Number of protein chains: 2
Amino acid sequence: MTRPGPPGSPDPYGVHPAWLPDEAFRPIGSRRTLLRGGGPLAGTVHEEVARACARYGGSVRRQAAGPDDGAANGRDDGGEAGGDDGGPYDLVLALTAAGPLPAVAEAVLAGFRRRSAADDGPAVEDEGIGEEGYVVARRDGVTVVLADSAAGLLYGLFHVVRLGEEAFGAERPAERHRPAARLRMLDHWDNVAVHPVMGQVERGYAGGSIFWCDGALRDDLTRVAAYGRLLAACGVNAVAVNNVNVHAAETRLLTDHLGDVAAIADRLRPYGVRVHLSVNFAAPLALGGTATADPLDEDVRAWWAAVTTRVYEAIPDFGGYVVKADSEGQPGPHAYGRDHADGANLLAGALAPFGGVVHWRAFVYNHRQDWRDRSTDRARAAYDHFAPLDGRFRDNVILQVKHGPIDFQVREPVSPVIAAMPRTRVALELQVTQEYTGQQRHVCYLAPMWSEVLGFRPWGPAGPGVADIVAGDVAGGGLVGVSNAGDDPYWTGHPLAQANLYTFGRLAWAPSSDPAAILDEWIGLTFPLAAGRDDGRLREALHEIMDDSCGTYERYTAPLGVGFMVRPGHHYGPDVDGYEYTPWGTYHFADRDGVGVDRTRATGTGFTGQYPPPWSEVYESLTRCPDELLLFFHHVPYGHVLHDGSTVIQHIYDTHFAGVEEVERARLRWAELAGLVPAALHARVRELFAEQLRCAEEWRDQVNAYFLRKSGVPDAQGRRIP
Amino acid sequence: MTRPGPPGSPDPYGVHPAWLPDEAFRPIGSRRTLLRGGGPLAGTVHEEVARACARYGGSVRRQAAGPDDGAANGRDDGGEAGGDDGGPYDLVLALTAAGPLPAVAEAVLAGFRRRSAADDGPAVEDEGIGEEGYVVARRDGVTVVLADSAAGLLYGLFHVVRLGEEAFGAERPAERHRPAARLRMLDHWDNVAVHPVMGQVERGYAGGSIFWCDGALRDDLTRVAAYGRLLAACGVNAVAVNNVNVHAAETRLLTDHLGDVAAIADRLRPYGVRVHLSVNFAAPLALGGTATADPLDEDVRAWWAAVTTRVYEAIPDFGGYVVKADSEGQPGPHAYGRDHADGANLLAGALAPFGGVVHWRAFVYNHRQDWRDRSTDRARAAYDHFAPLDGRFRDNVILQVKHGPIDFQVREPVSPVIAAMPRTRVALELQVTQEYTGQQRHVCYLAPMWSEVLGFRPWGPAGPGVADIVAGDVAGGGLVGVSNAGDDPYWTGHPLAQANLYTFGRLAWAPSSDPAAILDEWIGLTFPLAAGRDDGRLREALHEIMDDSCGTYERYTAPLGVGFMVRPGHHYGPDVDGYEYTPWGTYHFADRDGVGVDRTRATGTGFTGQYPPPWSEVYESLTRCPDELLLFFHHVPYGHVLHDGSTVIQHIYDTHFAGVEEVERARLRWAELAGLVPAALHARVRELFAEQLRCAEEWRDQVNAYFLRKSGVPDAQGRRIP
């Protein structure tokens, strides 16, 4: 079932290596490495180094000793890849508990223990490196990576890969790295059975699923393992393997087809990635023969407990359940007069004995709204449903909140739910798959948007940011991304969309990272030869093409935060009125005089009141509201003057012309890169740019024509509007 | 696969009897009948009468004699149903060639031969009754039906059924009836394999297909025979058994699966209905291994000749091919630099030796139009493609033309193609399936619209009408309807939509019939008990509900002929801008000042010039153009004053409020009929009325809100517009 890969791809499965090409391992593979640590995860580290050495002539000695692998304790596997090799070493990778360390490593560890500052993790009290953390240093000509756990060692190895030759250059003091968020998860909206409307992968733009094909688990799970490796290299440690919309076939993954989930878990475990499962809240009714799915019913509780016990028997490190309940037609506790806390706690109770968590999605709203009723506001719904429940959820419930109050539009304010539930673990849900941002046919590097969300401070500059809330060491629920990967040979359809997958993981690990710096890192890994050239042409061009591509997308699509001017159903391309008279709650209310949604407390739906000050005041105020969110919060006349002195209508025209021009510049910039990147990859991106340009022109012309017809205001610059 | 039928249905298959309930046969079945005529079709007549007699105690004697059944010649099957019965008879059904007739029949025949006027057929020179025709009279207390052919006898029998008791009342002079059009065909847009988007029946609103199920011919063809019987009873004599969009599975009906088509033909033949097949123009390439499908290529020609010969070997009375070529992505002659005449003549050549015809559809336009380009006009396309080809088509090519220039909207002008091709046989294509007229969830009796089309006189009052052109004895191509029947227990989803199927056949037979009279006939047949009551409540109510239901539908949907304000894709419900910025060529160009499409020669697309005078002048003129087509031909300001003194904008508001009120009245009227019609039928229509009302309100509110937002003109009556 594997499609033909890019010509010349070194991978036997014809799959693009993404950010882990062999070349990225040359610095390690051409040197001498000592690995100290036992257990399967350290085994993964060993395999990585050994494979690199086999290719580039270096060597690796493994001394498998450590408390996390009793069987292999004290074993010395040394020298497999490099023959007789007693040292000295260029690289030492060691578990701190793996017995006496080489002198240089002991010196690094002692130095680290004398310091207390964490480098990019949250501040900590203890002196340990921490679960999943690692310390990296270069001292006396040896690069040292230390970790308390094998997972940390694996992440440390990929840190060295990222550093490349630099890892073996100048001395560097000990730096500790640990993830900001414990849970860094990708949700796959993959269906087991092909859905008649949504297909194999709901909102998937990268071919089929790497897990499922035509109603069954794939025979060949090679790509699942390769995916796990890519995820480990960017820091993701959890994957939900099926769509949050759980249909009939997927419901049975919990029971009859649990073996399929276990098989996936087996492939991901070597990379420190745990498996989670989206479940059907009505599963006891559908599968268990109970008379109800009422979360307070004893039979239901017993059913979930029994089923969950069997899950952990099959998958001891199972992560937990993901639930979309009482949302867009999915079953939930409301049918029994119960609330979301009742529902979530039911599953949490079943999972708690095993350390599992429930990701309970906050994406709950009335999708059968009457468009005539302007008092109902979908933006309010999640807060109205969940804020009153704060404090009622069990510790192992994580409320999974989309970043904006509507649905992954390119511009939304941050969801007020995130700041509304101090006694609830909250996870931030981002959409890596580009449902509303070009569907992996358009270049749209999402990190700047995500970074803005993560940096948003709901209580103003002095308060904590979203990243602090969701990644907090105790109460944080972590980050969840809806995956953009599929069985496409480039993993993500658009080769440049790999950067979004990579960056999601990196931001989940370190939310305050600079998006441009992560992109630079991704460029260096993905295109190691071209990016390594002195002239920097590829880096410069890719930054020009990608750094502000999300801003470009915003400019040529729905203006000023109004959102949802997309074709209904598939959500690709423009349809200004497409959702205007529908039950979906996504309106712009454009008339001949003006446009926008009045969400103020004074005259509108009152949504602004869901924010704490200062934002409740800023958004309420027509003059203080940021321009980019103006139409999200206010209905204004076309002549309304923005902060830059332009009018709303002229801003619409200007940004739409500008957005298309930017796409055209990016397209031409890409054309210049022929020869710097693999020919097949270049050709695919070139073709996609043709489509992006066509589509951007369509957006420009439809949006401009729509507003010209409505407003009657001509473009001040006299450009052609059809 | 048959669904549960209406409770209490007498049919063993649970299927509603439509316009042939047993009760309709009581007048015949309770009397003494003599049938004179041999052959299978006369056998059908005999079976009909015998079954009625078995139920109601009458008798039938058959004297099978006549030139069209050598085997049964001179045989006397008399008395099977009624025991010893040598006469006298209440009803004589006789073929004129069946030897010496009973005296009363001879007298009727002699009387008829002395007259020369045809009663409802076209004027004729000869003295014969004509193929498919019959003479009916009552003389000396005997009802007499005479025909030259067994098909005519079958139609005559159903005439007597329609007359009911009246057939056996007062004496009536001889009347001759013959069909105006030779070809009275229903096209089924049924797919053999379920299409991923369009399903089993494209634009079908009555369940699955009666022919096909999940990729294969149905095992049980009982309903096909029942369908043929219904068709014979309303005068249809041809059926195309598969969708004009011919996909892979359907392409093979021509060859590998020809047996399936033959099996259907076997079931329809006893009712005088011939089978036609929609074919893929590229079939030789797809199936035959030719290097091309070029219509001028010798191999291609030979392939079609050979294949067609095999078709006639399997189905000696096969009707011919239906072709959608170079239309909406279907293959056609353009790929080879050939024109439609080349393409059609290729198939005509293969069919000619066997007397078959090609229905070549004129529905050709650019479905990838740039909406920005206002000079391209889809309405022009069919004329521009086909008018220059007049005279180039072979005699057995029939150009099948949709009634309007766009696509079955509830209001369009008559297609100018119909008057543009005097040297071509033209068939009129009507859409019985309610794609754009409520999808068999709304009551919409289409006959008044069809009647208007058939009565339209392209050259003005003194010239011939559309009916004369398409039903002309020599050059006419007949009438084609896209069937609205499926495997629904009521055949048509909405039980009242049966009237459209019935009326299509009756209008194809006699285009000048009064739609209200046909409806009355349908009521009497379908609801014989209730309709027969003296108080006439049912008749009165159904006329109120149905007579002007098409006008009602027009009022609450797209105004003043502008059309296509439907949801893209499925075409149900409103979306005013749904097609406005698409490649489909269906626009309204509404802006803040006005609405409509300028198709004038003076300032628009010039489409008005495709009509002969006087219509070329009438449509061109803003003052003379009929209001109901105003926006089809002109772009006018919202304040434009209509002939009734109202403005365009106020007309939009008024008609939309009125349309909904009419639906509500009809709904209440229907509610009063509980007890007069079968309970299950009443309940289904009641449920459908709830949906119709909801949808009509949606239309009203969306259209009114859209135009209020655009125009800013308030409703003069101050009604609420959301």
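Here are some notes:
- Between A:136, A:103, B:607, the Cα set farthest toward the positive side of the dipole of the protein assembly as shown (charges on each charged residue's Cβ, about the Cα centre) is that of B:607.
- Along the range A:449-465 the Karplus relation, 6.51 cos²θ - 1.76 cosθ + 1.60 evaluated at θ = phi - 60°, assigns HN-Hα couplings of 5, 4, 4, 5, 4, 5, x, 4, 10, x, 9, x, x, 7, x, x, x Hz to successive residues, with x for each Gly and Pro.
- The smallest convex shape that holds all Cα atoms of the range A:306-465, its convex hull, gives 158 Å³ per residue.
- Stretched out straight at 0.36 nm per residue, the stretch from residue B:256 to residue B:392 would grow longer than its current Cα-Cα span by 45.7 nm.
- Percentage of interatomic Cα-Cα distances in the range B:553-711 larger than 24 Å: 43
- Only Cα sites of the range B:595-684 enter the Debye sum here, all with the same form factor; the resulting log10 I(q)/I(0) across q = 0.11, 0.16, 0.24, 0.26 1/Å is -0.50, -0.70, -1.13, -1.21, listed in q order.
- Between residue B:459 and residue B:517, the distance separating the two model label sites (each 7 Å from Cα on the Cα→Cβ line) works out to 2.7 nm.
- Scanning residues 5 or more positions from residue A:431 or on other chains, those with amide H under 5 Å from its amide H are A:482, with H placed 1.01 Å from N in the peptide plane.
- Other-copy label distances relative to residue A:602, 7 angstrom Cα-Cβ extension, nm: 5.0
- Shortest-first nm distances, residue A:22 label point to equivalent points in other copies (7 Å, Cα→Cβ): 8.3
- Normalised by the number of residues in the range A:316-460, the average gap of Cα pairs under 8 Å and 6 or more apart makes the relative contact order 19 percent.
- Charge-dipole axis of chain B as Lys and Arg at +1 and Asp and Glu at -1 on Cβ define it, positive-most pick from B:490, B:703, B:230: B:703
- Distant-in-sequence amide H partners of residue A:240 (H built 1.01 Å from N, under 5 Å): A:186, A:187, A:188, A:276
- Spin-label model, residue A:720 to residue A:54: label points 7 Å out along the Cα-to-beta-carbon direction sit 6.0 nm apart.
- Across the identical copies, how the residue B:110 labels are spaced - nm, sorted shortest first, 7 Å along Cα→Cβ: 13.8
- Estimated dipole of the range A:616-722 in Debye, rounded to 20 [Cβ of Lys and Arg +1, of Asp and Glu -1, Cα centre]: 360
- Ellipticity estimate at 222 nm from DSSP helix runs (n ≥ 4, -39,500 (n - 2.57)) divided over the protein assembly as shown, nearest 500: -10500 deg cm²/dmol
- Quarter of Cα convex hull surface for the protein assembly as shown, i.e. mean projection, nm²: 59.5
- Computed about the Cα centre, the dipole magnitude for the protein assembly as shown is approximately 140 debye when only Lys and Arg (+1) and Asp and Glu (-1) carry charge, each at its Cβ.
- For the pair residue B:140 and residue B:679, label points projected 7 Å from Cα toward Cβ lie 5.2 nm apart.
- Taking the DSSP beta bridges with both ends in the protein assembly as shown, the antiparallel portion is around 30 percent.
- In chain B, Cα pairs under 8 Å separated by at least six residues give a relative contact order of 11 percent.
- What the phi angles of the range B:325-335 give under the Karplus curve with 6.51, -1.76 and 1.60, with θ = phi - 60°, is a coupling list of 10, 6, 9, 6, x, 6, x, x, x, 4, 4 Hz, glycine and proline written as x.
- Chain A: antiparallel DSSP beta bridges as a percent of all, rounded to 5: 30
- Rg in Å to one decimal, and Dmax rounded to a whole Å, for chain A via C-alpha atoms: 25.9, 82
- Dipole axis of the protein assembly as shown (+1 Lys, Arg; -1 Asp, Glu on Cβ), positive-most option in B:305, B:19, A:56: B:19
- For residue A:449, the solvent-accessible surface with a 1.4 Å probe is about 30 Å², rounded to the nearest 10.
- Peptide B:699-710 - average C-beta neighbours from other chains (10 Å radius): 3
- Where GluC sites (Glu not before Pro) fall in DSSP loop in the range A:152-230, at most 14 other Cβ within 10 Å: A:171
- Each Lys and Arg contributes +1 and each Asp and Glu -1, all at the Cβ; summed about the Cα centre of the range B:125-164, the dipole is approximately 420 debye.
The values are calculated or read from the model by the stated rules, or taken from the named source; none is laboratory data. Just so it is clear, the model here is predicted, and its values are computed rather than measured. Reconstructed Cβ throughout: ideal geometry from the backbone, glycine too, with neighbour counts over all protein chains shown. Surface accessibility is based on the protein's heavy atoms, side chains included, excluding ligands, DNA and RNA. Shrake-Rupley method; radii C 1.70, N 1.55, O 1.52, S 1.80 Å.
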